Amino acid sequence: MQAMILAAGRGERMRPLTDHVPKPLLQAGGKPLIVHHLERLASAGIRDIVINHAHLGEQIEATLGDGSRWGVRIRYSPEGKALETGGGIVRALPLLGLDPFLVVNGDIWTDLDFSRLRIETDRLAHLVLVSNPPHHPGGDFALSKGSVLSEGAPRYTFSGIGVYHPDLFRDQEPGAFPLAPLLREAMTRNLVSGELYRGRWSDVGTPGRLQALDRMLSVDR
């Protein structure tokens, strides 16, 4: 399986930290956020990785290079202007091939073992959900008997980690658009499976949450 790391966001809530450094290169636990992903993907046996970028993207390419330092092969999907999650994935599809692929948000941290993620043959997506963090108490989706639903309770938060079949994006025109409407439409046809992950996960969306993650990882070290 190939993987894509979403790294094109501007990181407005992280300003002024992201004025001169792209959010995926902000450090926690002594290394950039995106490097934590590269290491965990490599340990899971996922070697082919696509990274999209927009804001200060040249810094990402200069820092990560071809990925050989971490035992992976990185290819880049530059956007110029960020295309949102859906548009960014569609732009990268020629690099991702015809098989299901893993997508991970560049601004999260997790200890999830990526190697165990799979998508069933009759589904278009498999989402990893987590318990709702304090900053997102309402959650995003419900989970029932292995299917993710747009309505229902209890609701959980989408972790920013999913496995997608290219057919989810069939007939989508190039350009900027969000991923959520596509997923919600697929949910109406019971084409989205999911799981609740109870391990460690952090949405690194603000300087305060970045500092909290850095403290946690520093203790781990």
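The values are calculated or read from the model by the stated rules, or taken from the named source; none is laboratory data. These figures come from a predicted structure and were not determined experimentally. Cβ: placed from backbone, ideal geometry, glycine included. Neighbour counts: every protein chain shown. Accessible surface is based on the protein model in full, side chains and every heavy atom, while ligands, DNA and RNA are left aside. Shrake-Rupley method; radii C 1.70, N 1.55, O 1.52, S 1.80 Å.
Among the numbered criteria (1) open to solvent by 30 Å² or more (accessible area, probe 1.4 Å); (2) under 13 Å from the mean Cα position of the chain (by Cα); (3) closer than 22 Å to Arg75 by Cβ, which single criterion is violated by Ile161?
It fails just one condition, (1).
Counting only residues that are closer than 19 Å to Lys23 by Cα and more than 8 Å from the chain's Cα centre (by Cα), how many does segment 88-113 have?
4
From Ser218, Ser131, Ser147, grab the single residue that is of a type in the set (S, T, N, Q) and open to solvent by less than 40 Å² (accessible area, probe 1.4 Å).
Ser147
Could you list, in sequence order, the residues of segment 1-35 that are under 16 Å from Thr206 (Cα atoms), open to solvent by 20 Å² or more (accessible area, probe 1.4 Å) and polar (S, T, N, Q)?
Residue satisfying the conditions is Gln27 alone.
Within segment 174-211, restricting attention to residues that are farther than 25 Å from Pro154 by Cβ and without any contact (Cβ under 8 Å) to a residue 40 or more places away in the chain, which residue is most open to solvent (accessible area, probe 1.4 Å)?
Checking each candidate, the answer is Gln211.
Let me spell it out: the conditions are (1) over 17 Å from Val163 (Cα atoms); (2) free of Cβ contacts under 8 Å to residues at least 60 places away in the same chain; (3) open to solvent by 30 Å² or more (accessible area, probe 1.4 Å); (4) over 17 Å from the mean Cα position of the chain (by Cα), and Pro78 meets all of them except one. Which number is the exception?
Condition not satisfied by Pro78: (4).
What is the residue count in segment 36-74 for residues that are within 22 Å of Pro94 (Cβ to Cβ), open to solvent by 10 Å² or more (accessible area, probe 1.4 Å) and assigned to a helix (DSSP H, G or I)?
Of the residues in that region, 2 qualify.
Sort through Asp122, Asp107, Asp99 and tell me the only one that's of a type outside the set (Phe, Trp, Tyr), touching a Lys or Arg at 6+ places or on another chain (Cβ under 6 Å) and open to solvent by 10 Å² or more (accessible area, probe 1.4 Å).
After applying the criteria, what remains is Asp107.
Given the conditions (1) open to solvent by less than 10 Å² (accessible area, probe 1.4 Å); (2) out of contact with any helix residue (DSSP H, G or I) (no Cβ under 7 Å at 6 or more places or on another chain); (3) closer than 28 Å to Gly199 by Cα; (4) not hydrophobic (A, V, I, L, M, F, W, C), which single one is not true for Ser115?
(1)
Yes/no matrix, rows are residues, columns are (1) in contact (Cβ under 8 Å) with a residue 12 or more places away in the chain; (2) on the phi < 0 side of the Ramachandran plot; (3) polar (S, T, N, Q):
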position	(1), (2), (3)
Ala3	yes, yes, no
Arg15	no, yes, no
Ile46	yes, yes, no
Ile51	yes, yes, no
Gly71	yes, no, no
